[in-house]
Amino acid sequence: MVENAIIGGTGIYSLEGGSVEETIKTSYGEVRVYIQNMKGHPVVFLPRHGAGHSVPPHRINYRANIKALKQLGVKRILASAAVGSLNYNYPPGSLVVLEQFIDFTKSRPYTFYDGEEGVVHADLADPYCVRLMEALEKGSQQTGVNIDGRGTYVCVEGPRFETRAEIRFFRSIGGDMVGMTNVPEVVLAREVGICYGAVGIITNWCNGMTDQPISHGEIRSIMRKGREQLLRLFVHVFTGMDLDEKCRCSESIVRL
Ligand code: HPA
């Protein structure tokens with residue numbers, strides 16, 4: 001059993017050090033994961049977009065990914081998310097803990113509960129594990145990896161970037177950042193009772209926030225810098241902190 005997992009988003013396709021590659025068969029498809037020993041603790045690494053970023057956000061097999069982690073015995077996930085900023089307090093280069101999400105995805109399989117087990121609702125009032133959010137913030141003080149704050153993540157379907165009007169709207173409803181992958185990933189983790197925490201790496205201003213168009217070069221160069229910081233924080237949380245304090249993530253399923 002491996003209790004801790006890291007899901008790497010854009011720009012994070014591997015962890016430092018040797019790993020054992022495993023293919024996990026699930027009822028939703030096969031998933032390739034990498035089991036690594038980090039300072040004496042086993043951690044599963046799952047690159048969300050596949051090795052080398054071959055799978056676009058709307059084609060990721062989110063259910064297979066989360067099911068595979070559940071089958072491995074995972075209890076906690078820390079995930080990275082490349083995001084555009086809607087908030088002038090979070091310029092490119094900032095690291096922001098995801099605290100809430102607003103879902104604008106359109107066509108993704110987003111639940112494990114399709115009716116076979118009756119009608120099931122997951123409570124997502126607090127979608128991200130409150131204990132993992134606290135651990136990320138405490139870990140940031142202990143490691144010196146700067147976290148700039150918390151925020152609300154707007155999830156869009158992608159793969160296109162947004163129009164200026166969409167960005168004006170997302171700002172007006174309280175969004176702080178926009179990305180394409182955190183929903184349904186965090187929802188599915190909650191459905192199987194896995195604690196899930198995520199940090200957004202702000203890679204660009206969203207369209208219309210400045211006069212500049214979104215630059216892929218800028219996104220890549222910010223990811224290169226943010227990657228090392230974020231992984232250092234994640235490894236510290238999993239190897240250097242006591243994570244046994246109770247939360248409600250595994251108790252939020254309501255069956256009707
Ligand atoms: N919009 C949506 N997703 C993103 C962005 C963006 O501006 N930047 C990185 N992921």
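The values are calculated or read from the model by the stated rules, or taken from the named source; none is laboratory data. Remember, predicted model here, so these are calculated numbers, not experimental data. Cβ coordinates were reconstructed from backbone atoms using ideal geometry, including for glycine residues, and neighbour counts include every protein chain displayed.
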| query | Any residue at all in region 52-68 that is touching a helix residue (DSSP H, G or I) at 6+ places or on another chain (Cβ under 9 Å), closer than 26 Å to M223 by Cα, aromatic (F, W, Y) and within 15 Å of the ligand (Cβ to nearest atom)? | reply | no
| query | Name the pairs: first residue in region 233-256 and touching a residue at least 40 places away in the same chain (Cβ under 8 Å), second residue assigned to a helix (DSSP H, G or I) and of a type in the set (A, V, I, L, M, F, W, C), Cβ to Cβ under 7 Å, at least 6 apart or on different chains? | reply | L233/L136; V237/A135; V237/L136; M241/A135; L243/A135; C247/V130
| Between residues in region 152-165 that are free of Cβ contacts under 8 Å to residues at least 60 places away in the same chain and hydroxyl-bearing (S, T, Y) and residues that are in a strand (DSSP E or B) and more than 6 Å from the ligand (Cβ to nearest atom), which pairs lie under 7 Å by C-beta distance while being six or more apart or on different chains? | T152/E99; T152/Q100; T152/F101; T152/I102
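Residue by residue, here is whether (1) in contact with a Ser or Thr (Cβ under 8 Å, 6 or more places away or on another chain); (2) at pLDDT below 95; (3) under 19 Å from G9 (Cβ atoms) holds:
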| site | (1), (2), (3) |
| --- | --- |
| G118 | no, yes, no |
| L136 | no, no, yes |
| R150 | no, no, yes |
| R168 | no, no, no |
| S172 | no, no, no |
| M177 | yes, no, yes |
| request: Could you please give the count of residues in region 108-127 that are out of contact with any Lys or Arg (no Cβ under 7 Å at 6 or more places or on another chain) and closer than 12 Å to V183 by Cβ? | output: 3
| query | Would a scan of region 84-93 turn up a residue that is part of a helix (DSSP H, G or I), surrounded by fewer than 20 Cβ atoms within 10 Å (Cβ to Cβ) and not charged (D, E, K, R)? | reply | no
| query | Which of the residues belonging to region 241-256 are exposed (fewer than 13 other Cβ atoms within 10 Å of the Cβ) and assigned to a helix (DSSP H, G or I)? | reply | E251
| task | Determine whether P159 is surrounded by fewer than 17 Cβ atoms within 10 Å (Cβ to Cβ) and touching a helix residue (DSSP H, G or I) at 6+ places or on another chain (Cβ under 7 Å). | result | yes
| message | I'd like to check something: does region 110-125 contain any residue that is farther than 23 Å from I222 by Cβ, buried (at least 20 other Cβ atoms within 10 Å of the Cβ) and touching a strand residue (DSSP E or B) at 6+ places or on another chain (Cβ under 9 Å)? | response | yes
| Condition test on E157, is it farther than 15 Å from P92 by Cβ, modelled with pLDDT of 95 or more and in contact with a Lys or Arg (Cβ under 8 Å, 6 or more places away or on another chain)? | yes
| Of all the residues that make up region 196-223, how many are farther than 16 Å from K67 by Cβ and surrounded by 23 or more Cβ atoms within 10 Å (Cβ to Cβ)? | 9
| query | All but one of (1) at pLDDT below 95; (2) under 26 Å from R227 (Cβ atoms) hold for C129; which doesn't? | reply | (1)
| field | Matching residues, region 2-27, being more than 20 Å from the chain's Cα centre (by Cα), part of a loop (DSSP other than H, G, I, E, B) and of a type in the set (S, T, Y) | value | S27
| task | Go through region 69-94 residue by residue and tally those that are away from the ligand (no atom under 16 Å from the Cβ), within 28 Å of G175 (Cα to Cα) and among the aliphatic types (A, V, I, L, M). | result | 2
| task | Being hydroxyl-bearing (S, T, Y) and more than 20 Å from S14 (Cα to Cα) is the filter here, so list the residues in region 191-225 that pass it. | result | T210, S215
